Amino acid sequence: MILVVALGVGGVALIGGSWADHSPPTAATATAPTAAQPTTPAAPTPTIAPVTTPTIAPATAPTSAPLQVTAEMHSWPSDPNKCGPPPPDNGQPFSADRSYEVTATIHLWSQPTTASTPLAVITSNAPGGGEGCSTDVGPFVTVSCEIVDGQPIEGPFSIGDPIWDQITWQGQTGWVPDEWVNTQYDANDGNIPRC
C-alpha cells in the first residue's frame, strides 16, 4: 500500500486517500488516540522572557554645597587695620591647639581654589558688616595644615593671600582661604605645619 501525504489548507492532510484534520487539538476537540491514528506530542510553546534593563547605581559624587557668593569670592578694599591693630607676636602660638575663628561666611572647598567643588558653607556668626573681624562667637575650626601656594584670595587684610588652610568641617575635609580664618601670625611663623 502506498501512502500519499499532502498538506491541504488549514492543517488538513490527505492520508491514504482521505482527508484528516491535523490541527492541534483544543479542549473541545481533543479525543483519545486510537491504535490506527498515532499522535505526536505537541511541541512546547516557546516562552519569551521579558527584556530587563540592568539597574546601575549612580556614581557616588562628593557631597557638594550650593554655590553661593561668599567672602572669598568678593573683591575687597585693602584695610589692614579694619579690626584694630593685630596682636603682637610674642613668640607663642596664637592658638596652641590650632583652633581658629572663621571670620566671614565662606565655603569649604575640595581643593585650595574656588574653581574646585564647594563641599559645605561655613556660616559666620559675626554680626552684619563684621566680615574679617574676630568676634569670638565662631564658628571655630581646627587647622590641620596649610599650603602657601593656593589660589590668591582678596580680602581686607591682604591683596592676593595664597595661604589656604586644610580643615575638617562636619565630617568633610577640605580647604578654606586663610584670609577668612583668624590664624593671625600662626599662618606665617611655623605654628601651623605645611601640608
- Would you mention how many residues in segment 131-189 are under 20 Å from Pro86 (Cβ atoms), in a loop (DSSP other than H, G, I, E, B) and among the charged types (D, E, K, R)? 3
- Message: Regarding segment 158-174, can at least one residue be identified that is surrounded by 16 or more Cβ atoms within 10 Å (Cβ to Cβ), under 15 Å from Thr70 (Cα atoms) and in contact with a Pro (Cβ under 8 Å, 6 or more places away or on another chain)?
- Response: no
- Enumeration of residues in segment 175-195 that are surrounded by 18 or more Cβ atoms within 10 Å (Cβ to Cβ) and of a type in the set (Ser, Thr, Tyr): Thr183
- Item | Residue tally, condition touching an Asp or Glu at 6+ places or on another chain (Cβ under 9 Å) and either in a loop (DSSP other than H, G, I, E, B) or closer than 11 Å to Thr183 by Cβ (or both), over segment 92-115 | 11
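I need the full set of residues from segment 168-195 which are closer than 20 Å to Cys133 by Cβ and within 26 Å of the chain's Cα centre (by Cα), in order please.
Val176, Pro177
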- Item | Verdict on Cys195 being over 25 Å from Pro88 (Cβ atoms) and touching a residue at least 40 places away in the same chain (Cβ under 8 Å) | yes
- Query: What are the pairs, 6+ residues apart or on separate chains, where a residue within segment 92-107 that is touching a residue at least 40 places away in the same chain (Cβ under 8 Å) has its Cβ under 7 Å from a residue that is surrounded by fewer than 18 Cβ atoms within 10 Å (Cβ to Cβ) and among the aromatic types (Phe, Trp, Tyr)?
  - Reply: Phe94/Tyr185; Ser99/Phe140; Tyr100/Phe140; Glu101/Phe140
- Message: Tell me whether segment 78-98 contains one or more residues that are at pLDDT below 95, within 31 Å of the chain's Cα centre (by Cα) and aliphatic (A, V, I, L, M).
- Response: no
- Note on the structure: Selection over segment 118-130 where residues are part of a loop (DSSP other than H, G, I, E, B) and either touching a strand residue (DSSP E or B) at 6+ places or on another chain (Cβ under 6 Å) or modelled with pLDDT of 95 or more (or both) yields a count of 1
- Task: Could you pull out the residue among Asp149, Asp186 that is out of contact with any strand residue (DSSP E or B) (no Cβ under 7 Å at 6 or more places or on another chain) and either in contact (Cβ under 8 Å) with a residue 40 or more places away in the chain or of a type in the set (Phe, Trp, Tyr) (or both)?
- Result: Asp186
- Could you please let me know if Trp164 is closer than 24 Å to Pro93 by Cα, modelled with pLDDT of 90 or more and in contact with a helix residue (DSSP H, G or I) (Cβ under 8 Å, 6 or more places away or on another chain)? yes
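The values are calculated or read from the model by the stated rules, or taken from the named source; none is laboratory data. If you're wondering where the values come from, they're calculated on a predicted model, not measured in any experiment. In this analysis, Cβ positions are derived from the backbone assuming ideal geometry, glycine residues included, and neighbour counts consider all displayed protein chains.
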